[in-house]
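The values are calculated or read from the model by the stated rules, or taken from the named source; none is laboratory data. Worth saying up front: this structure is predicted, and the values here are computed from it rather than measured. Please note: Cβ atoms are built from the backbone with ideal geometry, for glycine as well, and neighbour counts cover all protein chains shown.
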Amino acid sequence: MPESKKLQKENLDLKRKLAESQDELRAIQEGAVDAVVVGRNKKTHIYSLANTIVSNILETITDGFVSFDEKWNILYINHQAAKTLSRKPEDLVGKNFWKEFPSYKNTVFGKLYQKSMKDKKARFYEDYFAPLNAWFSVRVYPSKFGLSLYFQDITSQKKVDELLKQSETKFYTLTTNAPVGIFMTDIDGNCLYVNEMWQKLAGIPFAKAKGQGWTKIIHPADREKVFIEWQKAVTKKKIFHLEYRFQTPEGKVSWLEGNAVSLKNDQGKIIGYIGTVSDITSRKAAEEKLIHSQERLMLAQSAGKIGTFEWLLPENKVIWTPELERLYGMSEGEFGNTYESWIKRVHPDDVEKVEKHLKEVIAHSGMYNIEFRIMLPDGAIKWMLGTGAFFNRDTKNAKRMVGINIDITARKLLEKQKDEFISIASHELKTPVTSIKGYGQVLKMMLEQKGEAKAASIVGKMDGQLNKLTDLIGDLLDVTKIEAGRLQLTLNKFVFNDLVTEVVEAMQLTTDKHKLIQKSNVYNFIKTDRDRIGQVLTNLISNAIKYSPHATKIIIYSEIVDSYVQVCVQDFGVGIPKDKKDHVFERFFRVSGPNTSTFPGLGLGLYISSEIVKRLDGKIWVESIKGRGSTFCFRIPLKKKPERKNK
Amino acid sequence: MKRILVADDDPSILEAIQLMLEIYGYTVDTTVDGKVVEKMKIFKPDVILLDIWMSGVDGRDICRKLKADTLLCKTPVIMISASKDVRVSSKESGADDFLAKPFEMEELIQYIEKYTKAS
């Protein structure tokens with residue numbers, strides 16, 4: 001039995017005894033009237049003795065006590081009661097209660113007392129008493145002589161009750177409207193409470209969640225996991241935290257994040273659990289999407305043989321995807337994560353080329369794009385295409401590069417096969433051309449000897465056409481070589497003017513309309529590829545002839561500028577529109593338009609020329625006014641530096 | 001009468017070259033088989049015209065053999081090819097000169113005259 005209840009019982013016992021003693025007292029009092037007559041002294045003595053005992057008891061109790069006769073005269077009032085009424089006992093004893101406190105008569109309490117006086121029934125009542133601005137608990141005990149009442153100020157207790165009630169209301173409001181589901185269980189996991197949100201998420205009302213009902217809406221696939229985690233949390237006295245699913249009776253599945261803590265009593269003993277569940281379905285869906293898209297990306301990269309890297313320059317840190325490691329023939333995590341660990345995998349013959357390119361890219365924050373070979377740990381060689389871009393968020397210095405490597409070995413093999421094919425094809429084409437040319441020249445000579453000049457000149461024209469065919473085959477072969485980086489140079493030392501004169505004379509033979517004028521000759525020795533420069537000059541002059549069908553002259557200037565020899569070929573033909581000017585050196589480009597569409601050619605000549613000039617460390621450019629003509633110029637060093645072997 | 005040995009795996013080219021050279025009064029011996037070039041030293045050629053891409057045989061290998069032969073080592077060898085890129089490697093194999101196909105008759109005659117005069 002709790003301590004408080006015990007006290008309460010003792011208190012009640014005491015009060016009962018007190019009421020009994022009061023009745024005795026009344027008996028004595030009544031008897032006392034007779035005593036005055038019979039033996040005053042003896043009776044007075046008894047009276048005063050009893051009075052002392054009773055009043056001693058009444059003054060020690062914490063309740064207020066008042067005793068009335070039938071006329072509501074106060075027979076006795078203890079100090080506690082007088083204090084509550086803000087009076088002194090001696091001022092009130094013998095006074096009429098309603099006369100002293102008229103305003104109390106019509107209160108709920110007053111009416112109750114009067115009722116009890118009439119029907120002689122004991123009553124218990126608790127209420128707020130406005131005149132004293134306090135809560136009282138009152139017990140009314142009528143007797144045949146009058147009435148006694150005990151009362152207690154219970155205001156402070158009422159306040160606590162009120163606060164408790166308020167906090168309960170607050171808790172209820174809070175949990176009801178909370179955006180998360182809230183639940184409470186006892187120590188055995190029996191559900192004691194769930195809020196609105198919980199019921200909404202679970203799709204069941206509290207009545208069904210009660211007890212062990214809540215376990216039914218946990219997704220079957222997650223049930224075991226939840227119980228294991230719960231058990232762990234209980235035994236290790238940890239916070240329960242888990243993501244799991246609810247499945248409503250209708251079959252709707254939602255993902256939840258659940259948290260729970262134990263509830264303890266004042267002694268620190270666990271009496272139950274309280275927890276929350278929040279809906280993370282959309283987050284889960286987003287996560288799932290992300291995982292899927294990552295998987296897709298990985299799969300695509302793997303299928304496309306693409307590896308991704310990130311290079312943090314200041315830290316010299318390179319991050320690789322597992323796919324990139326695979327491409328480089330390494331197992332996951334084998335790559336060393338620095339620039340050095342990468343460059344040592346690059347084929348020794350390509351290191352210089354790659355590093356030079358990277359240096360330029362870093363200096364200009366440009367795009368990284370280069371093809372190179374790598375050496376696999378097993379000694380195999382693979383071709384890679386590396387591309388990437390720098391991200392310079394805050395400074396001008398390249399700091400972070402993100403890019404990819406693509407395995408282009410198969411493509412390179414095909415390219416090589418294509419190059420070889422074109423190389424063989426052009427060789428095979430040249431063989432019949434060589435014999436036709438030979439036959440033609442013999443035939444021409446025979447006809448000349450017979451004096452058949454006209455027939456001889458026709459055969460001569462056939463020979464000219466064969467030369468054009470030879471040039472076309474040569475151009476195709478040259479382009480293939482340029483693309484493959486195999487354009488070979490043969491350096492010779494010669495007097496530059498000899499070459500120009502030779503080419504101009506040969507080209508003069510191909511045109512009757514134009515006079516080729518050679519100006520400001522250069523008699524210096526020059527060291528470069530004689531045949532290739534001859535090819536460039538031939539090309540420029542043949543273009544000048546082709547694109548100035550109505551002009552009568554073409555001027556060829558050559559001069560020394562610094563340590564370069566510069567050659568310009570000026571025509572007075574159709575010219576090049578400004579917007580096309582920069583494109584004329586591109587492969588397959590041809591100046592087109594209503595007036596120029598009829599010009600023949602593969603569109604390879606200027607591309608080959610510009611590649612040759614570049615390889616000879618020179619440059620080529622054009623100045624032109626549409627309708628007035630063009631001037632194509634190139635300059636090459638007087639002495640070309642020997643180039644490093646690129647294989 | 002100068003004697004020219006021509007080796008090429010294309011009979012038409014051989015015929016055309018033979019016709020040209022005969023117009024200029026040379027005696028011409030030809031072969032389409034690169035393997036027999038060395039044996040043809042019995043004709044004592046003054047100049048040898050040698051194609052590089054012979055079926056099954058590399059003209060440069062033939063050239064090295066010719067240049068190692070005591071009888072032929074002083075005979076000028078002019079290599080001919082449709083590829084200009086072998087100019088350097090042909091010289092490395094010991095050839096005295098190189099002529100790219102297709103060529104002008106005058107060009108061929110110039111080369112031949114240059115080396116027949118020297119011999």
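Points to keep in mind about this one:
- Only listed residue being at positive phi and either assigned to a loop (DSSP other than H, G, I, E, B) or surrounded by 14 or more Cβ atoms within 10 Å (Cβ to Cβ) (or both), chosen from A:258, A:268, A:275: A:268
Per-residue answers, yes or no, for (1) among the acidic types (Asp, Glu); (2) over 24 Å from residue A:270 (Cα atoms):
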residue	(1), (2)
A:193	no, no
A:197	no, yes
A:202	no, yes
A:208	no, yes
A:219	no, yes
A:224	yes, no
A:239	no, no
A:242	no, no
A:251	no, yes
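- Top-ranked residue in segment B:5-51 [being more than 14 Å from every other protein chain (Cβ to nearest Cβ) and touching a Ser or Thr at 6+ places or on another chain (Cβ under 7 Å); ranked as farthest from residue A:437 (Cα to Cα)]: B:40
- Members of segment A:405-430 found to be more than 9 Å from chain B (Cβ to nearest Cβ), among the acidic types (Asp, Glu) and loosely packed, with under 15 Cβ neighbours inside 10 Å, listed by number: A:420
- Top-ranked residue of segment A:288-311 - restricted to ones that are surrounded by 14 or more Cβ atoms within 10 Å (Cβ to Cβ) and not in a helix (DSSP H, G or I), ranked as modelled with the lowest pLDDT: A:305
- Selection within segment A:443-489 - under 23 Å from residue A:507 (Cα atoms) and at the interface with chain B (Cβ under 10 Å from one of its Cβ atoms): A:444, A:445, A:463, A:466, A:467, A:469, A:470, A:473, A:474, A:477, A:478
- Residue match in segment A:126-141 (condition: surrounded by 11 or more Cβ atoms within 10 Å (Cβ to Cβ) and in contact with a Gly (Cβ under 7 Å, 6 or more places away or on another chain)): no
- Checking each residue in segment B:68-85 for being within 13 Å of the chain's Cα centre (by Cα) and within 12 Å of chain A (Cβ to nearest Cβ) picks out B:80, B:81.
- Remark: pairs (first residue in segment A:331-350, under 13 Å from residue A:377 (Cα atoms); second residue among the acidic types (Asp, Glu); Cβ separation under 6 Å; 6+ apart in sequence or on different chains) = A:335/A:325.
- Those residues of segment B:1-26 which are more than 13 Å from the chain's Cα centre (by Cα) and either touching a residue at least 40 places away in the same chain (Cβ under 8 Å) or surrounded by 15 or more Cβ atoms within 10 Å (Cβ to Cβ) (or both), in sequence order: B:2, B:10, B:12, B:15, B:16, B:19, B:20, B:23, B:24, B:26
- Segment A:173-190 residues that are at positive phi, paired with ones that are part of a loop (DSSP other than H, G, I, E, B) (beta carbon under 9 Å, 6 or more apart): A:189/A:212
- Failed condition for residue B:61, given (1) surrounded by fewer than 15 Cβ atoms within 10 Å (Cβ to Cβ); (2) within 14 Å of chain A (Cβ to nearest Cβ): (2)
- Some residue of segment A:73-81 being modelled with pLDDT of 80 or more, in a strand (DSSP E or B) and in contact with a Lys or Arg (Cβ under 8 Å, 6 or more places away or on another chain): yes
Residue-wise test of (1) over 30 Å from residue A:195 (Cα atoms); (2) basic (Lys, Arg); (3) out of contact with any strand residue (DSSP E or B) (no Cβ under 8 Å at 6 or more places or on another chain).
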site	(1), (2), (3)
A:104	yes, no, yes
A:108	yes, no, no
A:117	yes, no, no
A:154	yes, no, no
A:163	no, no, yes
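- Condition broken by residue A:485, with the remaining ones in (1) among the small types (Gly, Ala, Ser); (2) exposed (fewer than 14 other Cβ atoms within 10 Å of the Cβ); (3) in contact with a Leu (Cβ under 7 Å, 6 or more places away or on another chain) satisfied: (3)
- Just one of the listed residues (A:508, A:465) is under 28 Å from residue A:555 (Cα atoms) and surrounded by 16 or more Cβ atoms within 10 Å (Cβ to Cβ), namely A:508.
- Checking A:114, A:166 one by one, the residue that is farther than 27 Å from residue A:233 by Cβ and exposed (fewer than 11 other Cβ atoms within 10 Å of the Cβ) is A:166 and no other.
- Cβ pairs under 6 Å, 6+ apart, first in segment A:306-323 and small (Gly, Ala, Ser), second not in a strand (DSSP E or B): A:307/A:321; A:307/A:323; A:307/A:324; A:307/A:327
- Here segment B:86-119 is the region considered, the condition is being surrounded by fewer than 16 Cβ atoms within 10 Å (Cβ to Cβ) and acidic (Asp, Glu), and the residue that is farthest from the other protein chains (Cβ to nearest Cβ) is B:113.
- Any hit, segment A:431-439, residues being farther than 21 Å from residue B:51 by Cα, at the interface with chain B (Cβ under 8 Å from one of its Cβ atoms) and surrounded by fewer than 18 Cβ atoms within 10 Å (Cβ to Cβ): no
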